[in-house]
Amino acid sequence: MEILTSLGVDWRLLVAQLVNFAILFFALYKLLYKPLLALLEKRTAKIEKGLADADAAEEKLKLTDQTYKQIVLKAKKEAEKILEEASALAEQHRQETVKQTREEVKRVVTQAKTRIEQEKQQMLEDAKKDIVDLVVQASASIAQTSGEKKISKDLAKKAVDRLKKNV
């Protein structure tokens with residue numbers, strides 16, 4: 001201790017200053033340093049949580065973006081499918097309409113041919129009747145002029161029978 005006194009240091013004062021320093025250190029440690037460390041830890045935790053939340057939000061945004069793209073792609077595919085189905089349905093409807101129209105045209109043509117054939121047959125029958133009437137009248141006039149009524153009548157009758165057979 002003499003060394004301390006030769007240096008001009010009072011050992012009692014040094015011990016008192018050490019005790020004061022320890023008390024101050026303890027007080028500062030308990031009152032300032034620990035709360036400051038706790039505050040820094042809370043802030044660090046809050047920042048880390050914020051960063052983690054931001055990362056999670058970014059991941060969720062990426063996932064949502066991917067989901068959105070998938071939904072849009074799916075909607076486009078469905079729209080294309082609907083358009084293809086509509087086109088196919090329209091084509092089928094067009095083909096059915098063309099088929100029905102062709103069938104209707106065939107039916108009308110067939111009816112017209114039938115009607116024309118019936119009218120032709122009717123005209124032939126009318127013509128044959130007119131010819132028969134003319135032959136009968138011609139035979140009657142020949143028979144009256146020639147005097148041979150009986151022969152003329154027989155000839156006329158045979159001619160009429162022959163014409164009727166052909167009709």
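The values are calculated or read from the model by the stated rules, or taken from the named source; none is laboratory data. All values derive from a computational prediction rather than experimental measurement. We place every Cβ from the backbone using ideal geometry, glycine too, and count neighbours over all the protein chains shown. Heavy atoms of the whole protein, side chains included, go into the accessibility calculation; ligands, DNA and RNA do not. Shrake-Rupley method; radii C 1.70, N 1.55, O 1.52, S 1.80 Å.
Descriptive notes on the structure:
- Qualifying residue in the stretch 55-71 (condition: out of contact with any Lys or Arg (no Cβ under 7 Å at 6 or more places or on another chain), polar (S, T, N, Q) and open to solvent by 100 Å² or more (accessible area, probe 1.4 Å)): yes
- In this structure, LYS76 qualifies as within 42 Å of the chain's Cα centre (by Cα) and either of a type in the set (Lys, Arg) or open to solvent by less than 100 Å² (accessible area, probe 1.4 Å) (or both).
- Scanning the stretch 36-52 turns up no residue that is touching a Phe, Trp or Tyr at 6+ places or on another chain (Cβ under 8 Å), without any contact (Cβ under 8 Å) to a residue 12 or more places away in the chain and at negative phi.
- The condition of being open to solvent by less than 80 Å² (accessible area, probe 1.4 Å), assigned to a helix (DSSP H, G or I) and at pLDDT below 95 holds for ALA156.
- Filtering the stretch 97-117 for residues that are open to solvent by less than 90 Å² (accessible area, probe 1.4 Å), within 14 Å of the chain's Cα centre (by Cα) and of a type in the set (A, V, I, L, M, F, W, C) leaves an empty set.
- The condition (being under 30 Å from ILE3 (Cα atoms) and either surrounded by 10 or more Cβ atoms within 10 Å (Cβ to Cβ) or of a type in the set (S, T, N, Q) (or both)) is satisfied by just one residue among LEU36, LEU89, LEU18, LEU28: LEU18.
- In this structure, GLY8 qualifies as loosely packed, with under 10 Cβ neighbours inside 10 Å, free of Cβ contacts under 8 Å to residues at least 60 places away in the same chain and of a type outside the set (Phe, Trp, Tyr).
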